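*Asks:* Below you'll find the structure I mean.
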Amino acid sequence: MSARPARRRVAVVGTGAIVTGSHLPALAAHADRTELVAAVDVDPERLDAFRAQAPGDVAGYASTDAMLDAVRPDLVLVGTPPSLHREQTVAALKAGAWVLCEKPLCLSLAEYDDIAAAEEASGAYASVIFQHRYGSGAAHARDLIASGELGAPLVAHCQTTWHRDAAYYAVPWRGRWSTEGGGPTMGHGIHQYDLLLHLLGPWAEIRAMASRLVHDTESEDVSTALVRFGSGALATVVNSVLSPEEVSRIRVDCADATVELTHLYGHRNDDWTYTPARHVAPARAAAWRTPGADVPSSHTAQLGAVLDAWDAGARPPGSGQEARATLEFAAALYKAAFTGRPVRASEIAAGDPFYSAMHGDHPDWAPENPRNGPRLECSQRVGPPEV
């Protein structure tokens, strides 16, 4: 028998709510495979509180660079505001560490390509947290769709209708292109349409609209899109922070069945339903029911998948082209919404204004527009990128 791999030495960058509430439990669940050795935060009191809560002797640092120089961790978990993700991810990769970073991995396709170059130079990998892909219900649905068991996908709906009030946007880095990268298209609905892409595969064309209807922000507070997939399937995508009744929903109508997921911030097997077409025999439909094991979508499940890939010497899920495809979808949605014309896959390349920023320097949406207020520089406070 081969020897069991050593426990991976892990550092967290940021010690706010997303790290304490999601990453710390994930590390505890994989305590036989990981060891938390260091934490970074510019807020000394919050860092001390985290170290007191974390198991073992966790070293504390005020900067990512100081931690990387001193600790040389195997894996870095990044849970800071979005504008810091690229810099911290690239630094960790250059130090030889793998990275698991909160969404969005970065703020533009140009920044993503910086990360890809750092991956190639170091041999390490950077994955983005899209935990909804990793529940057993999602894995089961993807297998059924990909195998053709449900028939060809034809029509889909992806809905993230949440509610965020003015107090939420009073946090300085929210609602600003330079610090958050966008509105609900980039920071909220991205989880659901990432799962839609996971289920249906590559998209081919997007037409979209976006608006500021309520909030005084640089970015949008609602967006809608019509999407044509490579398979020919058509989908609608809605991203909102204006909706009093909050729900996250995906529905895919295939030739032989409708598969639906309804939840809010996470799903289990019971959140998935399968409705057979009238011509489908009951025995065939019975085989579609959810698997025996019930693995919730979670940071724990995704961390396990990353560790499995590491042990196998493989690129981890949620990295490489998978991560870029979801970011490209966001950029294409913004370009389609702001220009009023359809955008096709792979259209946005270096030299396109939407390659460098999600607002694409559009006169009605770029930070320089007087309606949008002054451009804010990124706060160096390391805090939680709350959904």
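*Asks:* For the chain, what proportion of DSSP beta bridges, expressed in % and rounded to the nearest 5, is antiparallel?
*Replies:* Counting only bridges with both partners in the chain, antiparallel ones make up about 60 percent.
*Asks:* If I build a Gaussian network model for the chain, linking alpha-carbon pairs within less than 10 angstrom, which residue out of ALA210, ALA287, ALA167 has the largest mean-square fluctuation?
*Replies:* Maximum fluctuation in the GNM of the chain, among the listed residues, is at ALA167.
*Asks:* Related question: State the extension gain, in nm to one decimal, for the chain segment bounded by ALA59 and GLN321, taking 0.36 nm per residue of separation less the distance between their alpha-carbons.
*Replies:* So the chain would gain 90.9 nm between ALA59 and GLN321.
*Asks:* If you don't mind, another one. What distance in nm separates the simple spin-label points at GLU120 and ASP32, each placed 7 Å from Cα in the Cβ direction?
*Replies:* Each label point lies 7 Å from its Cα, and together they span 3.9 nm.
*Asks:* Treat each spin label as a single point 7 Å out from the Cα along the C-beta direction, and report the GLU260 to SER346 distance in nm.
*Replies:* Spacing of the two 7 Å Cα→Cβ label points: 3.7 nm.
*Asks:* Taking region 235-311, which chymotrypsin sites (Phe, Trp or Tyr not before Pro) meet the DSSP loop condition and have no more than 16 other C-beta atoms within 10 Å?
*Replies:* Answer in residue order: TYR265.
*Asks:* Rolling a 1.4 Å sphere over the protein heavy atoms, what is the accessible area per residue of the chain, to the nearest Å²?
*Replies:* Computed with neighbouring chains in place, this is 40 Å² per residue.
*Asks:* Can you compute 3J(HN,Hα) from phi for each residue in region 266-277, using the Karplus curve 6.51 cos²θ - 1.76 cosθ + 1.60 with θ = phi - 60°, rounded to whole Hz and x for Gly and Pro?
*Replies:* Ordered by residue, 3J(HN,Hα) equals x, 10, 10, 4, 5, 7, 9, 10, 10, 10, x, 5 Hz.
*Asks:* Taking a 1.4 Å probe, which of THR161, THR20 shows the most accessible area, and what order do the others take after it?
*Replies:* Ranked from most to least accessible, the order is THR20, THR161.
*Asks:* Can you compute 3J(HN,Hα) from phi for each residue in region 131-138, using the Karplus curve 6.51 cos²θ - 1.76 cosθ + 1.60 with θ = phi - 60°, rounded to whole Hz and x for Gly and Pro?
*Replies:* 5, 5, 5, 9, x, 5, x, 5
*Asks:* Moving on to the next point. At a threshold of 8 angstrom on Cα-Cα distance, excluding pairs fewer than six apart, so keeping six or more, what relative contact order does region 1-159 reach in percent?
*Replies:* It comes to 18 percent, rounded to a whole number.
*Asks:* Could I ask something else about it? Under 10 Å, Cα contacts only: if you run a Gaussian network model on the chain, which one of HIS132, HIS157, HIS191 comes out with the highest mean-square fluctuation?
*Replies:* Between HIS132, HIS157, HIS191, it is HIS157 that shows the largest mean-square fluctuation.
*Asks:* Counting other C-beta atoms within 10 Å, and keeping those with at most 14, which DSSP coil trypsin sites (Lys or Arg not before Pro) do you find in region 288-373?
*Replies:* Answer in residue order: ARG289.
*Asks:* Same structure again: If you take the beta carbon distance between ASP311 and ASP143 as r and set R0 to 30 Å, what does 1/(1 + (r/R0)^6) give as a FRET efficiency, to the nearest 0.05?
*Replies:* It comes out at approximately 0.85.
*Asks:* Relative contact order, percent, of the chain when contacts are C-alpha pairs under 8 Å separated by at least 6 residues?
*Replies:* It comes to 21 percent, rounded to a whole number.
The values are calculated or read from the model by the stated rules, or taken from the named source; none is laboratory data. Because the structure is a prediction, the values reported are computed rather than measured. Every residue, glycine as well, gets a Cβ built from its backbone with ideal geometry; the counts of neighbours run over all protein chains shown. The area values use the complete protein model at the heavy-atom level, side chains included, leaving out ligands, DNA and RNA. Shrake-Rupley method; radii C 1.70, N 1.55, O 1.52, S 1.80 Å.
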